[in-house]
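Presented below is the structure to which this report refers.
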């Protein structure tokens with residue numbers, strides 16, 4: 001059973017035109033649309049299913065600066081600034097709370113690895129991340145049965161509620177004059193004089209000056225139809241939540257085969273923290289070379305398997321015409337089953353490490369599809385070969401926390417405003433110009 005996002009009222013009548021059309025109603029698309037609407041841009045947000053129906057409601061809910069690839073740090077710093085005022089900004093509860101996050105270290109090797117990240121990446125950006133010893137860990141996260149050697153701790157990191165955040169942001173789009181449509185899949189684009197001109201949906205067409213694709217795991221399929229190569233694969237993250245539990249643990253924690261955060265409902269969201277599964281698809285063979293560096297770096301945390309997903313992807317990859325039912329209508333929501341052994345391992349591990357979870361009751365389990373790029377860094381960029389077409393995708397499991405900042409940067413690029421951060425690391429051209437893909441690697 002998948003978590004149910006808060007409802008978002010859909011507009012009824014598709015407009016004939018808009019300045020900007022945003023495709024995809026997850027945290028990235030909603031944040032982009034809100035930025036544009038607040039600036040007075042005539043924006044339409046289109047979602048094939050329900051707002052936050054896929055990974056944007058299924059993630060852990062972490063909003064972290066800690067452990068980021070250095071290329072993402074300026075963007076997450078801006079994003080955290082936006083998160084802290086988000087409830088006021090949208091006039092609704094997104095669940096954001098500044099709680100602090102700890103990465104627990106079980107031995108000297110993990111301490112050294114996190115110290116390296118702190119020295120090389122965090123300190124130049126003046127993050128408040130710091131290494132702490134076992135005694136301070138015990139004060140911040142009491143009750144460990146297996147005391148860690150220490151931890152990397154960032155007091156200013158936080159948490160949000162994925163089922164609430166993107167819907168609240170999307171509702172705010174409407175309050176600023178933007179339009180939001182759910183159950184409205186985009187089949188493709190038409191061009192005029194070499195640039196984007198029209199967005200073709202299952203409910204009709206919209207003339208548009210610019211288009212933003214924030215389609216998450218669906219972005220590669222959409223780009224394929226346009227002749228745009230987007231190296232992108234997916235992994236499955238398995239998660240569960242507990243019923244309300246008086247564990248006395250307010251800070252979010254990543255440990256050995258477990259990660260947890262407190263929820264507004266009094267329970268905890270718990271995941272493995274160090275393992276995901278990637279179902280083999282035709283795209284794995286198509287982009288094998290591009291993803292080899294990432295596989296070498298992340299081999300211990302990704303398990304490949306052959307399953308029904310291979311044939312589903314094969315079927316969805318078949319070409320379609322703009323007057324035909326598209327793959328986005330055939331599958332409104334990617335809803336993978338949680339991987340039993342991953343959930344079991346995380347459940348056993350958290351009980352072993354924190355006895356307060358021994359009697360927890362699992363209220364719900366779910367899984368989500370994370371879209372991943374070869375360097376594990378998103379693409380936030382105009383596509384030069386199709387003027388007026390922008391990508392904001394490939395967030396590689398980092399999208400929820402970085403969403404507000406990504407939305408701001410995307411809106412800057414679309415409107416020609418000076419970008420809030422340097423967009424160079426996120427340029428689309430690196431996907432196709434022979435740039436050597438280099439995921440962040442530490443000792």
Review point. Per the helix-only calculation at 222 nm, which mean residue ellipticity applies to the chain, given -39500 (n - 2.57) for every DSSP H run of n ≥ 4 and division by its residues, nearest 500 deg cm²/dmol?
Key: -8500 deg cm²/dmol
Exercise for review: Starting with the fewest neighbours, write out 83, 366 ranked by other beta-carbon atoms found within 10 Å of each beta-carbon.
Suggested key: 366, 83
Review point. If you take every DSSP beta bridge whose two residues both sit in the chain, what share of them, in percent to the nearest 5, is antiparallel?
Key: 65
Study note, to complete from the structure: Exposure-ranked with fewest Cβ neighbours within 10 Å first, 222, 390 stand as 222, 390
Study note, to complete from the structure: the chain, Gaussian network, Cα under 10 Å: of 243, 139, 78, the residue fluctuating most is 139
Check your understanding: Classify the stretch 29-73: rounded, prolate or oblate, from the alpha-carbon gyration tensor (a ≥ b ≥ c, eigenvalue square roots; a/c under 1.5 rounded; otherwise prolate if a/b is larger than b/c)?
Key -> oblate
Point to revise | Per-selection Rg to Rh, the chain - Cα, Kirkwood hydrodynamic radius | key: 0.95
Point to revise | Prolate/oblate/rounded label for the stretch 320-423 (Cα gyration tensor, a/c 1.5) | key: oblate
Practice item. Considering only 58, 220, 109, give the residue with the highest GNM mean-square fluctuation for the chain, with springs between Cα atoms whenever their separation is below 10 Å. Key: 109
**Study point:** the chain, relative contact order in percent, only Cα pairs under 8 angstrom and at least six apart counted
**Key:** 24
Check your understanding: Is the stretch 279-320 best put as rounded, prolate or oblate by its Cα gyration tensor, with a ≥ b ≥ c the root eigenvalues, rounded for a/c under 1.5, and otherwise prolate when a/b is larger than b/c, oblate when not?
Key -> oblate
Exercise for review: Return the Cα extents of the stretch 112-188 along principal axes one, two and three, sorted largest first, each rounded to a whole Å.
Suggested key: 52, 33, 26
Check your understanding: Taking Cα pairs under 8 Å and at least six residues apart, what relative contact order does the stretch 242-383 come out at, in percent?
Key -> 29
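Each value in this text was obtained by applying a stated rule to the coordinates, not by laboratory testing. On a predicted model such as this, the values are computed, not experimentally measured, just so you know. Neighbour counts run over all protein chains shown; Cβ positions are idealised from the backbone, glycine included.
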